[in-house]
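I have placed the structure first, in the form of structure tokens, so that the comments after it can refer back to it.
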Amino acid sequence: MVIRLHSFISNRKRFIQVQSQSYHITGLFRKIIQSSKKTDFFQSSDIKSAYFECVEDSTITFYQAESTDTENPGLWTYVVYECPEGEEKVFRDLSIDTSLNPIKKLFSGQKLIQRTVNINEYFQYQYIQDEHLDIRLPTYWNTPEKEQIASLILEELKALKASPIFTEGAGKEYMISVINGFIQAAQKVIRLGGNLKDFELAQSNVLHQIKIDDIANLILEYNDYRIWLTALPSQSKAVEYVFNTALNLIYRTS
């Protein structure tokens, strides 16, 4: 059975309405902007309806503009499940806010504020690097000392993501191990009443505990001087450490 949902046709699907998350809305916004590049004079009012599918959480987010005559304007997000033909159904939650205010902010050039409940969630959002989100530290981290520690970890994450060597395989595993290790070290330092210098010492301990041979050998296997040029010099302890290890391997084998 075919069902019509927010001006779109679907079948063999069940939809369970959930609260739209900031990354759903920014994903939808990017899709609208990308489609508008085909138009010379684009205005947000030109788009009457759109949708964005998020593969990571199996959701679809629908946008219905205020000028649309067929349905009420709004933003709706649903978790999507496959189902046999004839069992299609939409499960709505009328308590969910479906206003257009978040996407209106994006159209006006503002960012969406993303508050996080813990430091792990904060860095999960930072890893995505969504330019339309203003990601806020959890309330417990809103002190100058903790903010400085979080800033150090964030700079490490940015430095690692900036080099292609850390985008997949052993390189990506190294990056994840480093950031997770730094987060755990930061939490321990804070729990024990430590300060920024204590965390910087803890960073070195984390790096020496991480298995590094695979990524160091991978750097050598690339045999591409451009990787070294883009990565070094670096303010990142993690980047400096792994490239220095690779350099030591070169000296040993020469």
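The values are calculated or read from the model by the stated rules, or taken from the named source; none is laboratory data. Source: prediction; values computed, not measured. Cβ placement follows ideal geometry from the backbone for every residue including glycine, while neighbour counts extend to all protein chains displayed.
Determine which member of the set 9, 3, 25, 32 is part of a helix (DSSP H, G or I), modelled with pLDDT under 95 and of a type in the set (A, V, I, L, M).
Of 9, 3, 25, 32, the one residue that is part of a helix (DSSP H, G or I), modelled with pLDDT under 95 and of a type in the set (A, V, I, L, M) is 32.
Given the criterion assigned to a loop (DSSP other than H, G, I, E, B) and either of a type in the set (Lys, Arg) or in contact (Cβ under 8 Å) with a residue 12 or more places away in the chain (or both), identify the matching residue among 56, 85.
85
Please specify each residue of segment 125-172 satisfying the condition of being among the aliphatic types (A, V, I, L, M) and assigned to a helix (DSSP H, G or I).
128, 149, 150, 152, 153, 154, 157, 159, 160, 162, 165, 170
Which one is modelled with the highest pLDDT among residues in segment 35-49 that are loosely packed, with under 15 Cβ neighbours inside 10 Å and assigned to a loop (DSSP other than H, G, I, E, B)?
Only one residue tops the list, namely 37.
Step by step: first the residues of segment 94-131, then only those that are within 22 Å of residue 18 (Cα to Cα) and within 11 Å of the chain's Cα centre (by Cα), then the one that is modelled with the lowest pLDDT. Which residue is that?
Here the answer is 128.
Might you check whether a residue that is surrounded by 17 or more Cβ atoms within 10 Å (Cβ to Cβ) and in contact with a strand residue (DSSP E or B) (Cβ under 8 Å, 6 or more places away or on another chain) occurs anywhere in segment 182-196?
Within segment 182-196, not a single residue is surrounded by 17 or more Cβ atoms within 10 Å (Cβ to Cβ) and in contact with a strand residue (DSSP E or B) (Cβ under 8 Å, 6 or more places away or on another chain).
Is there any pair linking a residue in segment 1-22 that is under 14 Å from residue 91 (Cα atoms) and in contact (Cβ under 8 Å) with a residue 40 or more places away in the chain to one that is among the charged types (D, E, K, R) and assigned to a strand (DSSP E or B), with Cβ under 6 Å and at least six apart or on different chains, and which?
The qualifying pairs are 14/89.
Restricting attention to segment 220-227, does a residue exist that is in a helix (DSSP H, G or I), closer than 17 Å to residue 147 by Cα and either assigned by TED's automatic domain parsing to the domain that holds residue 160 or touching a strand residue (DSSP E or B) at 6+ places or on another chain (Cβ under 8 Å) (or both)?
No.
For segment 105-145, which residues satisfy the criterion of being over 22 Å from residue 183 (Cα atoms) and touching a Pro at 6+ places or on another chain (Cβ under 9 Å)?
112
Mind checking whether some residue in segment 171-190 is among the β-branched types (Val, Ile, Thr), under 14 Å from residue 234 (Cβ atoms), out of contact with any Lys or Arg (no Cβ under 7 Å at 6 or more places or on another chain) and at pLDDT 95 or above?
Yes, because at least one residue in segment 171-190 is among the β-branched types (Val, Ile, Thr), under 14 Å from residue 234 (Cβ atoms), out of contact with any Lys or Arg (no Cβ under 7 Å at 6 or more places or on another chain) and at pLDDT 95 or above.
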